[in-house]
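Right, one structure below, let's go through it.
The values are calculated or read from the model by the stated rules, or taken from the named source; none is laboratory data. Given the structure is predicted, the values throughout are model-derived calculations rather than measurements. Cβ placement follows ideal geometry from the backbone for every residue including glycine, while neighbour counts extend to all protein chains displayed. Only protein heavy atoms, including side chains, enter the accessible area calculation; ligands, DNA and RNA are left aside. Shrake-Rupley method; radii C 1.70, N 1.55, O 1.52, S 1.80 Å.
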Amino acid sequence: AAGLACPRRLTTPEREQAQEALGRLRPPLVVKVCDAGVAHKSEVGGVRTGVVDRAGLAAALDAVAAVPPTGHRRRYLVEEEAPGGVELIIGGRRDPSFGPVVLVGLGGLVAEAVGDVALRLAPVGVADVEEMVAELTGAAVLGGFRGMAPVDPGEVAGILGVVSALLTGEGGVEEVDLNPVRATAGGLVVLDALVVGHGADPSGVV
């Protein structure tokens, strides 16, 4: 709804409808748990990749269904697997002292372990994003490392603009975590998102 690129997907609480994904989406597919109480899907075994047939889809749905319940509404999320590429974390939060703060850094499963991020007060422009990317220890990886698609600072600025708008709008959004955002030949694609509202548990997990 915010205009960010993401894989074609199907979201449903019904297993039977999730099984229809092979006829509606192009494999390989990714199956994820979709639960507002699960902030990090991979840590609880809630992500299965490389699904190409009915047997694989059934096994993936079994694995996702086995994730311990959190008391929130539980759904299956099945989406087309994106091409490989460099992954970013892009996000922000409302800081109680400074107001909306946005960040960009190396993303994926290593985001928290490495902590290679740059921060700025929102809003930011392309020049700000270029400075942020240059600050990263792994900046060289984002420039087309070993034939992978390079990261366009203008695209990053566009996504950070959306994040800034969410944080400064009237919707009560306190935090936005887009991780990973993968650089593909067709541009940046958001593969997972977490949105936290004021005084609420993590919500809007897609």
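Residues of the range 1-60 that are assigned to a strand (DSSP E or B) and on the phi > 0 side of the Ramachandran plot: Gly50 alone. Applying the condition of being touching a strand residue (DSSP E or B) at 6+ places or on another chain (Cβ under 7 Å) and open to solvent by less than 50 Å² (accessible area, probe 1.4 Å) to the range 107-119 and asking which residue is modelled with the highest pLDDT yields Ala118. When residues in the range 163-181 are screened for being surrounded by fewer than 21 Cβ atoms within 10 Å (Cβ to Cβ), among the charged types (D, E, K, R) and in contact (Cβ under 8 Å) with a residue 12 or more places away in the chain, 2 of them pass.
For Glu130, are the conditions met, namely being free of Cβ contacts under 8 Å to residues at least 12 places away in the same chain, among the acidic types (Asp, Glu) and farther than 27 Å from Arg48 by Cα? No: the conditions fail for Glu130. Please identify the pairs in which a residue from the range 12-35 that is more than 18 Å from Leu194 (Cα to Cα) has its Cβ atom under 6 Å from the Cβ atom of a residue that is of a type in the set (S, T, N, Q) and at pLDDT 95 or above, counting only partners at least 6 apart or on another chain. That search, which allows pairs on different chains as well, returns Ala18/Thr12. Once the range 143-162 is narrowed to residues that are within 12 Å of Leu4 (Cβ to Cβ) and aliphatic (A, V, I, L, M), the residue that is surrounded by the most Cβ atoms within 10 Å (Cβ to Cβ) is Leu160.
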